[in-house]
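The values are calculated or read from the model by the stated rules, or taken from the named source; none is laboratory data. Model, not experiment: these values are computed from the prediction. Here the Cβ positions follow ideal geometry from the backbone for every residue, glycine too, while neighbour counts run over all protein chains shown. For accessibility, only protein heavy atoms count, side chains too; no ligands or nucleic acids. Shrake-Rupley method; radii C 1.70, N 1.55, O 1.52, S 1.80 Å.
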Amino acid sequence: MLIAYGGEGEINKVSLEPIFKPYVDGVFVCPQVRYKTASLQKLLLSLIIPCTDIDMKTFGNMNGEKTLRESLDFKQET
């Protein structure tokens with residue numbers, strides 16, 4: 001699993017095909033921008049890239065182990 005961190009603004013119609021389609025299997029949204037999750041899901045739907053929120057408590061406690069476990073579980077579900 002490759003994990004990259006970046007702003008949600010990087011996910012746009014211009015970057016979908018060249019950047020996201022070949023390299024991204026899933027997008028996890030941080031709690032502070034979870035209001036954008038629905039629009040990101042809609043944008044990523046055409047590429048069949050799943051998108052979900054990171055649990056606020058897990059993110060706030062910086063629980064990397066739990067986040068990784070949830071990420072792997074999410075990937076298996078999709």
Every residue from segment 9-25 that is surrounded by 15 or more Cβ atoms within 10 Å (Cβ to Cβ) and in a loop (DSSP other than H, G, I, E, B): 11, 24
In segment 26-37, residue farthest from the chain's Cα centre (by Cα) [restricted to those that are open to solvent by 70 Å² or more (accessible area, probe 1.4 Å) and not aromatic (Phe, Trp, Tyr)]: 32
Residues satisfying the stated conditions in segment 38-69, i.e. open to solvent by 60 Å² or more (accessible area, probe 1.4 Å), part of a helix (DSSP H, G or I) and in contact with a helix residue (DSSP H, G or I) (Cβ under 8 Å, 6 or more places away or on another chain): 56, 59, 66
